[in-house]
Amino acid sequence: MADASEVAPIAPTAKPVTSLPASPAPVRRTEWRQTLDLQHWATANFHRDFNGIVAGLSAAHATDRAGRLLDAAELYLTHMLLSEAASTLKGTTPETAVQIRRHRALSDATDLLAGRPVTDFSNSPLGAPERPDGDFWASLQAITADDTRALRKNLPGGFTGMGQQSRAVLRAMLPAFTEAAIETGHKNYADAALLLMQELPDLADAPVGHFLQGRAQEKRRNESSALDAYFRAAKGWDQYAARARIAVADMSLRNGAQGALLAAQSTLTEGAEAWRGGEYEIQILNRLARIHAKTGNEVEGLLTLGKIVTRFPNSAEADTAQAQAQTLLAKVYTKGAQGAYTLADWMDVHLRLLPFFRYTPAFPNHTETLGDYLLALGATDLAAQEYRRAIRLLQEREDSALSAAAPDLFRLNLSLAAAQKRAGLADDAQITLEVMSAALSAEQAEEHAALYAAVLSDLGDRAGLINTNLTSPSARHLRDLGRALSEDEKWVQVVDVMRQYWLTFPQEFSVEDATRLLIAANRSGDVETRDRVVNAFPGLTQSEPLVALATSLNEVAPVLLPLRADTAAARLDKLKSAFESIKNTGISP
């Protein structure tokens, strides 16, 4: 419907209705009244009239029966019993030309009073020139069809034609005609309709009355009065209360002041669940999301967008909300990973967002982000929980044919196993890794094997650890492997592994590692390696006794020709004692 500012107000051509019609006694049917007359049946005599029609039906046949049923439909319409009228008309087969015309008029009137436009209204008996209420029905057709031009043309006569309707019809249609007059700039008719509404306190004091008063004031730029009326209307629970909340939000968004936005936010939030379904709920949620964006409330904005997405999944608004939500989700989880929220707040936000966005493509990644953050904090149990959740979210996708080798799923399972390992649940970590070990790429297999080896180390499975082959072993793996080989006294292999460790990760090679290598070199008779380690000791530890002990192992033996048994025995005892001291001393670099 066009805004009133686009057209000049139409001067009334007929005196508008300013009082309720009386309930007349039944009148003799003229030609137009025979087609449809909603004042034929007295308002106070419904039961008497209905009983009379039912009694007549019991004795009626053929044509007379159809006429009685049409009378029943007209009686129902008189009292705005639209479902009953529609049902009666559906079960009635008109027999004569008069009945066919009457059936069409009653059917069209039922649709229009129910808010449905009529197909081919130009040929409807309701628009016949002889009908004094033709403009009333034409106005309803224009309102239901959103035909602003036809509404401007017919609305003045429509108010006059309202006087030809029953009290129930007038009461039901008065709000629609009042709003039409307000929106099309028919100020005189709008004022008269609002005045007439005061005779109906159940309308005037209801959300509909307050809303229309607010709309009239807003069109006249009396914003303070409009807001007062809208706030009164917003206390209700019907569609006019919902529309009042939308109007408050629109006025606040135009104003832009923080106070106005917060007032609108409060109004929308308090009545968010008062009206569910349809265009009005979508509009309320849209306005609320915009206000949250203006006030910087990202989390509540996300939750509001989530309601649009889940409650109206096939709407254009849902597509827009989904796109906005994805940007906002990334922002919220990035801020969470940067420590912008307390852990308790972030977990609360995450669990509130989960029902709305669990099936969106990026949500498993956001869940993983939270898991990584928890793992970094040492909250291993919570981290494992989020990794498992992210895995389930991936597996629940409708298009999911994911194998363990799928990049996201592989990474999440690996993170889960790492969290379990750090939590001291090496058995659980082993199961997680064994379940995902099939069909991995070469790079994935390397990562998998590295973590699996670390888990085996924690489990004390020396054989499994020793038999694990890695192309690019980590410092941790080489250290663990060296320890396992030492415990099995495979000294030559220990030297190879520890030398590789020293060469590849010199910054991580500690005095403890050097001690292990030194022992292995001595046991295997690798003098060259032993000498290199001894020479490196001063740079590995500040402990003078340890340096002296290691250096003593490299002293040049005196020339003993021939070698005396007692001297040889003394040197062996010294060497054995030195190694035992190094092994049993708590060494730190």
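The ellipsoid that matches the Cα gyration tensor of the range 410-504 has semi-axes, each √(5λ) in whole angstrom, of 23, 15, 11, with the longest given first. Heavy-atom accessible area for Val497, with the other protein chains in place and a 1.4 Å probe, reaches approximately 20 Å².
Under the convention that each Lys and Arg Cβ holds +1 and each Asp and Glu Cβ holds -1, the size of the dipole of the range 88-128 around its Cα centre is about 60 debye. Put a plus charge on the Cβ of each Lys and Arg, a minus charge on the Cβ of each Asp and Glu, and nothing anywhere else: the dipole of the range 331-378 about its Cα centre is then about 160 debye.
Rolling a 1.4 angstrom probe over the range 64-186 with all protein chains present gives an accessible area of which 48% lies on carbon and sulfur atoms. For the peptides 222-231, 93-102, residues were scored by their other Cβ atoms within 10 Å and the scores averaged per peptide; the highest-first order is 222-231, 93-102.
The portion of the accessible surface of the range 324-387 made up by carbon and sulfur, rounded to a whole percent, is 57 (1.4 Å probe; DNA, RNA and ligands excluded). Here's the picture: charge each Lys and Arg Cβ at +1 and each Asp and Glu Cβ at -1 in the range 219-347, and of Met347, Ala264, Gly296 the one pushed furthest to the positive end of that dipole is Ala264. The alpha-carbon of Lys307 sits under 16 angstrom from the alpha-carbons of these aspartates and glutamates, leaving out residues fewer than 8 places away in its chain: Glu270, Glu273, Glu279, Glu281, Glu298, Glu317, Asp319. The length gained on full extension between Ala60 and Ile100, counted as 0.36 nm times the residue separation minus their Cα-Cα distance, comes to 12.6 nm.
Here the range 24-111 is treated as a Stokes sphere of Kirkwood radius computed over C-alpha pairs; at 20 °C and 1.002 mPa s its diffusion coefficient rounds to 166 µm²/s.
Note on the range 268-353: with charges restricted to the Cβ of Lys and Arg (+1) and Asp and Glu (-1), its dipole about the Cα centre is near 160 debye. In the complete set of protein chains, residue-level accessible area for Glu218 is approximately 30 Å², probe 1.4 angstrom. Taking every protein chain into account, the accessible area of the range 195-345 amounts to 47 square angstrom per residue (probe 1.4 Å). If you find the alpha carbon centre of the range 228-248 and of the range 152-199, how far apart are they in angstrom? So the separation of the two Cα centres works out to 21 Å. What is the range 100-157 by shape, rounded, prolate or oblate, if you read a ≥ b ≥ c off the alpha carbon gyration tensor as root eigenvalues and call it rounded for a/c under 1.5, prolate for a/b larger than b/c, and oblate otherwise? It is oblate, given that a/c is not under 1.5 and a/b is not larger than b/c.
For the pair Thr295 and Glu270, a Förster radius of 22 Å applied to the C-beta separation gives a FRET efficiency near 0.85, rounded to the nearest 0.05. Taking a label point 7 Å from the Cα of Ala42 along the Cα→Cβ vector, which residues of the range 53-67 have an amide N closer than 18 Å to it? Hits in the range 53-67 for Ala42 at 18 Å: 53-54.
Listed by chain and number, the aspartates and glutamates whose alpha-carbon sits under 15 Å from that of Lys187, ignoring those within fewer than 8 places in the same chain, are Asp3, Glu6, Glu179, Glu218.
The values are calculated or read from the model by the stated rules, or taken from the named source; none is laboratory data. None of the values given here were measured: they were computed from a predicted structure. As a convention, Cβ positions derive from the backbone with ideal geometry for all residues, glycine included, and neighbour counts pool all protein chains shown. To get the accessible areas, we keep the full protein, side chains included, count just its heavy atoms, and leave off ligands, DNA and RNA. Shrake-Rupley method; radii C 1.70, N 1.55, O 1.52, S 1.80 Å.
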